[in-house]
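The values are calculated or read from the model by the stated rules, or taken from the named source; none is laboratory data. For clarity, every value in this text was computed on a predicted model and none was experimentally measured. We place every Cβ from the backbone using ideal geometry, glycine too, and count neighbours over all the protein chains shown.
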Amino acid sequence: MDLVRFELTTSSMPWKRAPNCATGPPKEFNLNITCRADWPIRQDRPAKINPMDRQQAWELLCAYTKSDSLRRHALAVEACVTAYARRFGEDEATWSVTAVLHDFDYEMHPTAPDHPMKGEPILAGLGVDAEIRRAILSHANYSGVPRESRLEKTLFACDELAGFLTAVSYVKPSRSIFEVDAKSVRKKMKDKAFARAVSREDIVNGAQELGVDLDEHIAFCIEAMKARAADLGLAGAAGA
């Protein structure tokens, strides 16, 4: 996600809100997933975990990211990215880890260019594969790492869009992804006041780089997020 143009805490970006230290996250963001409390956070020489699997990636994300909204954003991006992995016949495990970790250092490095540049050496120290680290670097336009692989292009294409779909879901009567369709998303994209910190340009360019029609891309990601609606807090009455 290109953070140069981003406001760090805004009601238009619920997945990027800073955690509420006094009261904790909103009730609807209470993840029913236990994260390891003994993960070695920010050690100079963390133990290497190679290859890192999805559970280890999730635990690492939880160690560095306390905001449930940011965790849910990672899950939303993962839903979209892994759906494309299945569509393209790619390595779903690798693509899953990449999506889960793409913003793992955001709370520690909330400004560009620190994120994701300073997070990459942490992943390298843990033995995370270079393919994954490069994809994470490439999702920031200012990193200087061009998007070349299908994984890199997919991560970039899904990152902004997953956040935007979450925002659109939140303004629906039941706050549900099941009420969202491509037409309503395109309409909201034209509303500059809505989720104004989300780059429409990145959403459009992401689909173009991936080589898919924008409406098809939006619809595809909506369906991917529907499949994980409960985990994302976007099930509403329709997904109950």
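Below, the figures for the structure above:
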| item | result |
| --- | --- |
| Those residues of region 184-217 which are in contact with an Asp or Glu (Cβ under 8 Å, 6 or more places away or on another chain) and modelled with pLDDT of 95 or more, in sequence order | R186, D202, I203, G206, A207 |
| Region 110-163, subset among the acidic types (D, E) and under 17 Å from the mean Cα position of the chain (by Cα), residue nearest to A74 (Cα to Cα) | D159 |
| Residue within region 97-111 that is farther than 18 Å from H139 by Cβ and at pLDDT 95 or above present | no |
| Condition broken by D68, with the remaining ones in (1) surrounded by fewer than 17 Cβ atoms within 10 Å (Cβ to Cβ); (2) at pLDDT below 95; (3) charged (D, E, K, R) satisfied | (1) |
| All positions within region 192-227 that are closer than 14 Å to V180 by Cα and in a loop (DSSP other than H, G, I, E, B) | A227 |
| Number of the exception - S143 against (1) of a type in the set (S, T, Y); (2) under 19 Å from D68 (Cα atoms); (3) surrounded by fewer than 24 Cβ atoms within 10 Å (Cβ to Cβ) | (2) |
